[in-house]
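**Student:** Sharing a structure below in structure tokens format, with a few things to ask.
The values are calculated or read from the model by the stated rules, or taken from the named source; none is laboratory data. Keep in mind that this is a model prediction, so the values were computed, not measured. Here the Cβ is made from the backbone with ideal geometry for all residues, glycine too, and neighbour counts use every protein chain on show. Just so you know, the surface numbers come from the protein's heavy atoms only, side chains and all, with ligands and any DNA or RNA stripped out. Shrake-Rupley method; radii C 1.70, N 1.55, O 1.52, S 1.80 Å.
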Amino acid sequence: MRVEEIKRLIELVEHSQIDELEVRRWWSTVRISKARRRNGHTMAEAVAPRSEVTHSPQMVKPQGPTPTCPEATDKKEPDEELVAIVSPMVGTFYRSPSPTSPAYVETGKRVAVGQVVCIIEAMKLMNEIESEVSGTIVKIQAENEQPVEFNQPLFMVRPDS
Amino acid sequence: MSAPGAGEFLLDLPREETIRILAASPLVRRWVWHAQIDSTQCLARELAVSEGPGLLVLADTQTAGRGRMGRSWFSPRHAGLWLSMVVGLQRPAQEWPLVTSLAALALREAVEVGAGLLCALKWPNDLIHRGRKLAGILADVGPGDAVVLGVGLNVGQRVTDFPPELRDRAGSILTETGQLRPRGCFLEAFLEALARWLERFEEGAGEEIRAALREASLLMGRTVCVRQLGGVSGRQESSVRGRVCDIGVLGELILEPLDASRAVSEWENSAGETEGAGTGAGRVTVSSGVLLEIDPPIEGGK
């Protein structure tokens, strides 16, 4: 789901009597809840309950600290809004298609919507993770060829404005 | 669709017979056959975007058959069943890693039906007989609610057809039984068994599938050492040694670790999502990695 869509949903909930709204589109699920309001902001949270999980990345736009990506807000630039690309499943994180190939993406490089950024493997099932946002890779959060958890942030992306 | 003309053979059976087998499978809506192709998996992934579930790609030989993480797969002409198929799935995507194990169960049955040979499964999904690998399976997620399943079964290779460095670890139906059998027979049995296992998967028969995987597993009760792939580069602690005490809900190995090292807590973290896998305190669930050691060794075993 695009950041702009999440923004619109947050505004919708903010100005309505709805306490909580969960929207599923393809493999992304976003839940917006007033009940978890902090500092006057409505929170958007990428959720994927165990029974509903996903093989495509979910985007999280942090508005204050969220349980899924606590490092989203850079301490040096507290106002910067980053989007996390998170792992859709438990598995091994690969930054390149083979050990001798260059990495799909590097810190500081741009990514486009639909661009493959990494592979997650479990049980020889390869899951190419595509970015759902265009922007710049600010940080790579996971180590190559290491285990990652479900919903673990893999990349932080500064979206194009 | 490219296939030999009428009266010719396809996968060692009369063409009409192979076409009948393909038409009878609920998993096959459209099929493509190539005498030679770089990789059935690459073509299936390309075509999957427009064709969707039900596409099957077959080849007589692959020049660049794909193994895991860019490794090559040895697939000479006329010698094996090389196929990739687009399988539509209804279950939540987090359960999809089990599909490669379902394919392994189906292939094991196909080899038993087609050649009377009972193989074992070596985690994650290799088909093993007398310590030799007869088949490999891998899969790619997507597009949409589907996976592209790639299968390679060695049927007609002689020992000398394998590169010298593989001869004690690779085998075929021919090397294990002394008999050459039509590849089409294995295709028919595989498609039938896979359709049945996928149906059970969609019905949520996870425990039945786990029981079948336990029964087929070569590693149950053995002690293994598994290394997470990043373990070589200064992170030696990311390997774990333990006794295989169960198979997880996604087909993972569940180990009782023999040494309580840092690795265990790291691996427990990575396994934390597989709740319900039957992991008890201190047990480690392994969904990805490389088997370094197996004790007792499997050469000439089950």
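**Student:** Just to be sure I understand the filter: pairs with C-beta atoms under 8 Å, separated by 6 or more residues or on different chains, first member in region B:268-296 and at the interface with another protein chain (Cβ under 9 Å from one of its Cβ atoms) and surrounded by 17 or more Cβ atoms within 10 Å (Cβ to Cβ), second member part of a loop (DSSP other than H, G, I, E, B) and at pLDDT below 55. Which pairs pass?
**Tutor:** Note: pairs meeting the criteria are B:Ala271/B:Ala277; B:Ala271/B:Thr279; B:Thr285/B:Thr274; B:Thr285/B:Ala277; B:Thr285/B:Thr279; B:Ser287/B:Thr274.
**Student:** Then there's this: Condition test on B:Arg45, is it open to solvent by 20 Å² or more (accessible area, probe 1.4 Å), at pLDDT 95 or above, of a type outside the set (A, V, I, L, M, F, W, C) and touching a Leu at 6+ places or on another chain (Cβ under 9 Å)?
**Tutor:** For B:Arg45, the condition - open to solvent by 20 Å² or more (accessible area, probe 1.4 Å), at pLDDT 95 or above, of a type outside the set (A, V, I, L, M, F, W, C) and touching a Leu at 6+ places or on another chain (Cβ under 9 Å) - is not met.
**Student:** Keeping to region A:130-141, report how many residues are buried (at least 21 other Cβ atoms within 10 Å of the Cβ) and within 14 Å of chain B (Cβ to nearest Cβ).
**Tutor:** Going through region A:130-141 one residue at a time, the tally reaches 1.
**Student:** Do you know which residues across region A:130-160 are in contact with a Phe, Trp or Tyr (Cβ under 9 Å, 6 or more places away or on another chain) and assigned to a strand (DSSP E or B)? Before the answer, list the steps.
**Tutor:** First, pick out the residues of region A:130-160 that are in contact with a Phe, Trp or Tyr (Cβ under 9 Å, 6 or more places away or on another chain): A:131, A:137-148, A:152, A:154.
Of everything in region A:130-160, those that are in contact with a Phe, Trp or Tyr (Cβ under 9 Å, 6 or more places away or on another chain) and assigned to a strand (DSSP E or B) turn out to be A:Ile137, A:Val138, A:Lys139, A:Ile140, A:Gln146, A:Pro147, A:Val148, A:Leu154.
**Student:** When residues of region A:116-129 are filtered for being facing chain B (nearest Cβ under 8 Å) and either in contact (Cβ under 8 Å) with a residue 40 or more places away in the chain or outside any loop (DSSP other than H, G, I, E, B) (or both), how many remain?
**Tutor:** 6
Quick grid of which residues meet (1) modelled with pLDDT of 95 or more; (2) assigned to a loop (DSSP other than H, G, I, E, B):
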residue	(1), (2)
B:Glu192	yes, no
B:Met220	yes, yes
B:Gln236	no, yes
B:Thr274	no, yes
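**Student:** Look through region B:48-61, keep the residues that are free of Cβ contacts under 8 Å to residues at least 60 places away in the same chain and open to solvent by 20 Å² or more (accessible area, probe 1.4 Å), and return whichever of them is nearest to B:Leu149 (Cα to Cα).
**Tutor:** For region B:48-61, the residue satisfying everything is B:Glu51.
**Student:** Please list, ordered by residue number, the strands (runs of 3 or more DSSP E) wholly in region B:117-168 having 1 or more residues that are small (Gly, Ala, Ser) and farther than 26 Å from B:Val224 by Cα. Lay out the reasoning, then the answer.
**Tutor:** Details: elements: B:120-122, B:126-129, B:132-141, B:146-154.
The qualifying strands (runs of 3 or more DSSP E) are B:146-154.
**Student:** Can you find a residue in region A:85-108 that is at pLDDT below 90, more than 15 Å from A:Gln152 (Cβ to Cβ), surrounded by fewer than 22 Cβ atoms within 10 Å (Cβ to Cβ) and under 17 Å from the mean Cα position of the chain (by Cα)?
**Tutor:** no
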